[in-house]
Amino acid sequence: MHEKKIRGMKHPSWNYGDLSDAEVIVTKLIEHGVPKDAIMFEKNSLHSIANVIEAKKIFDFTKINRLLFVCKSLGAGRQYRVLKKHLPKTITCIPYTFDTSFDGEFTINRYNWMENEKRRH
């Protein structure tokens, strides 16, 4: 039996070519003054749980007590729960969220994510 990995299609408004979400976020962090050597990331995962599993391969999470994670506002709760489940219980997870706009018609943020039908796409 062969296992087949399927990547999601990029949104039509994606302007970053073949860059992963992680690579774009790292670029933006550096553009806004975060030192490159202060950022660790992985770009091989396809979803939140795999992201944490891959990150554990390249970083020893037992050596930190706080973790700032960057994610879309609408996914912050899910990402927080994944991190709390898979990382040491001693780590305080701090979300840094950003709003998302689909087709420029509706901005999804932490207060209205449940009001838009596109939130699950």
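Any read-out appearing in this document is the output of simple, stated calculations on the displayed coordinates, not a laboratory observation. What you see is a predicted model, and the numbers here were worked out from it, not measured in a lab. Because the Cβ atoms are built from the backbone with ideal geometry, glycine has one as well, and the counts that use them run over all protein chains shown.
Between residue 14 and residue 84, what's the calculated FRET efficiency when r is the beta-carbon distance and R0 is 30 Å? Round to 0.05.
After rounding, the FRET efficiency stands at 0.50.
By the count of other C-beta atoms within 10 Å, a proxy for reagent exposure, 105, 54 are ordered fewest to most as 105, 54. Where in the stretch 28-61 does the amide nitrogen come within less than 13 Å of the point 7 Å from the Cα of residue 67, taken along Cα to Cβ? Under cut-off, by backbone N: 40-42, 48-61.
Here is the list for the stretch 4-108: chymotrypsin sites (Phe, Trp or Tyr not before Pro) lying in DSSP coil, each with at most 14 other C-beta atoms within 10 angstrom of its C-beta, are 14, 16, 59.
Taking amide H as placed 1.01 Å from N in the peptide plane, residue 108 has its amide H under 5 Å from the amide H of 100, 101, 102, each at least 5 places away in sequence or on another chain. The structure-derived value of Cα Rg over 2.2 N^0.38 Å appears in the list (1) 1.14; (2) 1.24; (3) 1.50 under the label (1). Here 71, 93 are placed in order of increasing Cβ neighbour count within 10 Å, fewest first, which gives 93, 71.
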